[in-house]
Amino acid sequence: MKTFLKTTLAAGVAASFLFGAAFAQELSPLNSDTEKDRMDWSELEAKLGAFPKLPEGTKAGAVSKTLTNEYWRSLGEGYESFGKKIGVPVAYQAAQSEGDQLGQLTIAEGMITQGYNVLLVSPQTDANLQPVIEQAKAANIPVVNVNDAVIPQAEHYVGNVQRDNGVRVAKWFIENRPEGGKVAIVEGQAGVYAAVQRTDGFKSTISEGGKFEVVASVPGNWDRQTSYDAATNILNQHPDLVGFYANNDGMALGIVEAVKAAGLAGKVAVFGTDGISDAYTSIKAGELTGTVDSFPVLTGEVALETALRLVAGQKLPRVVATPQALITADNLGRYQGEGVDVRAVLMEDAKAAK
């Protein structure tokens, strides 16, 4: 059965490449980190004006990786929040797990036939939802690729600069561990754009100056237990390790447990990515060193706004970049806590960066 499913999925992707050959000639394969046709999320209203009037009965469909990961649940909260604000219903569905590529494809293809005016998709991999792009195009349904795998044929993408996640963590090590040392990476799913970019950002930046050595870079497949096991093996081989970088927070929290079990708590820095609530709790407890928060609720709001501006006929750049911030115990209170308006804080960050 597994062989049949893999063959079916591969055939679908291959058919998509053939069917979309003419389209691909017009639109270069998307690299969301380097695409020049882009806009920062903070510029949407300034450059495009107030949110436009939508066609009567507009509704949006959204397909995510899985709801077992808090990040994707939070993204859905963002969709729902913006949808309620403007009176647009949003149907949000997801695959059973982050490895259920065919299940996610089936959900997305089903949504094309259900009368939605726009489709937002967060693919399992860079390839598994490629058939949906052409099917939606034939049905005149705009598609917005929302974090973090990138469909090469996608006309519109909303998400953060994936490479910058790893760069930010590497810079923390360079600034806070000036003596250097051994570091390790626990990667996400092999071949997925976000995992590749985050890993490369960390590796290339940490190598500058020659004080740090990346002694291991192993797959954790977005899984906490797999990452715990991988970190345990790495620490057995390199008990003098100074830190870990994980491509998401679930994996980072598994690494934290491995560090504690090895009796190295407080000695080995551990960073994750995403900014889930458990990561914030762990930072407050003095266990996880930090996370690169990509603010999934805000990302969901921005993605739906972008998608609906397309429905209204507005012309948008190919990429709308969403915010991120390196969170540690030193600045945690700025981004989370009673009375904190995260959107206002991130607007301040955006202005300061210009």
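Residues that are assigned to a strand (DSSP E or B), surrounded by fewer than 24 Cβ atoms within 10 Å (Cβ to Cβ) and modelled with pLDDT of 95 or more: does region 269-279 have at least one?
So far as region 269-279 goes, yes, one or more of its residues are assigned to a strand (DSSP E or B), surrounded by fewer than 24 Cβ atoms within 10 Å (Cβ to Cβ) and modelled with pLDDT of 95 or more.
Checking the condition touching a strand residue (DSSP E or B) at 6+ places or on another chain (Cβ under 9 Å) and either open to solvent by less than 60 Å² (accessible area, probe 1.4 Å) or assigned to a strand (DSSP E or B) (or both), which residue from Gly83, Gly78 passes?
Result of the check over Gly83, Gly78: Gly83.
Could you list, in sequence order, the residues of region 204-263 that are outside any strand (DSSP E or B), hydroxyl-bearing (Ser, Thr, Tyr) and surrounded by fewer than 20 Cβ atoms within 10 Å (Cβ to Cβ)?
Ser204, Ser207, Thr226, Thr232
Any chance you could count how many residues in region 321-354 are touching a residue at least 24 places away in the same chain (Cβ under 8 Å), assigned to a helix (DSSP H, G or I) and not hydroxyl-bearing (Ser, Thr, Tyr)?
8
Restricting attention to region 86-101, report how many residues are surrounded by 15 or more Cβ atoms within 10 Å (Cβ to Cβ), within 22 Å of Tyr71 (Cβ to Cβ) and not small (Gly, Ala, Ser).
6
Restricting the search to region 120-130, which residues are of a type outside the set (S, T, N, Q) and either within 16 Å of Gly188 (Cα to Cα) or surrounded by fewer than 24 Cβ atoms within 10 Å (Cβ to Cβ) (or both)?
Result: Pro123, Asp126, Ala127.
Scan region 313-320 and tell me whether some residue there is modelled with pLDDT of 95 or more, of a type in the set (Gly, Ala, Ser) and not in a loop (DSSP other than H, G, I, E, B).
Among the residues of region 313-320, not one is modelled with pLDDT of 95 or more, of a type in the set (Gly, Ala, Ser) and not in a loop (DSSP other than H, G, I, E, B), which makes the answer no.
Any idea which of Ala307, Ala350 is within 22 Å of the chain's Cα centre (by Cα), open to solvent by less than 10 Å² (accessible area, probe 1.4 Å) and either at pLDDT 95 or above or not polar (S, T, N, Q) (or both)?
Being within 22 Å of the chain's Cα centre (by Cα), open to solvent by less than 10 Å² (accessible area, probe 1.4 Å) and either at pLDDT 95 or above or not polar (S, T, N, Q) (or both) holds for just one of Ala307, Ala350, which is Ala307.
Which helices (runs of 4 or more DSSP H) sit wholly inside region 96-190 and have at least 2 residues that are in the same structural domain as Phe82 (by the TED database) and either without any contact (Cβ under 8 Å) to a residue 12 or more places away in the chain or of a type in the set (Gly, Ala, Ser) (or both)?
Where helices (runs of 4 or more DSSP H) fall fully within region 96-190 and carry at least 2 residues being in the same structural domain as Phe82 (by the TED database) and either without any contact (Cβ under 8 Å) to a residue 12 or more places away in the chain or of a type in the set (Gly, Ala, Ser) (or both), they are 101-112, 130-138.
Residue-by-condition table, conditions (1) under 14 Å from Gly300 (Cβ atoms); (2) within 16 Å of the chain's Cα centre (by Cα):
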site	(1), (2)
Thr58	no, no
Thr66	no, yes
Glu109	no, no
Val121	yes, yes
Thr125	no, yes
Gln130	no, no
Ala136	no, no
Asn140	no, no
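With respect to Asp164, is the statement that it is touching a Gly at 6+ places or on another chain (Cβ under 9 Å), open to solvent by 20 Å² or more (accessible area, probe 1.4 Å) and either more than 23 Å from Asp40 (Cβ to Cβ) or among the hydrophobic types (A, V, I, L, M, F, W, C) (or both) true?
Considered against the rule, which asks whether it is touching a Gly at 6+ places or on another chain (Cβ under 9 Å), open to solvent by 20 Å² or more (accessible area, probe 1.4 Å) and either more than 23 Å from Asp40 (Cβ to Cβ) or among the hydrophobic types (A, V, I, L, M, F, W, C) (or both), Asp164 comes out as no.
The values are calculated or read from the model by the stated rules, or taken from the named source; none is laboratory data. The structure displayed is predicted, hence computed values, not measured ones. Cβ atoms come from the backbone with ideal geometry, glycine included; neighbour counts cover every protein chain shown. We work out accessible area using only protein heavy atoms, side chains counted, and drop any ligands, DNA or RNA first. Shrake-Rupley method; radii C 1.70, N 1.55, O 1.52, S 1.80 Å.
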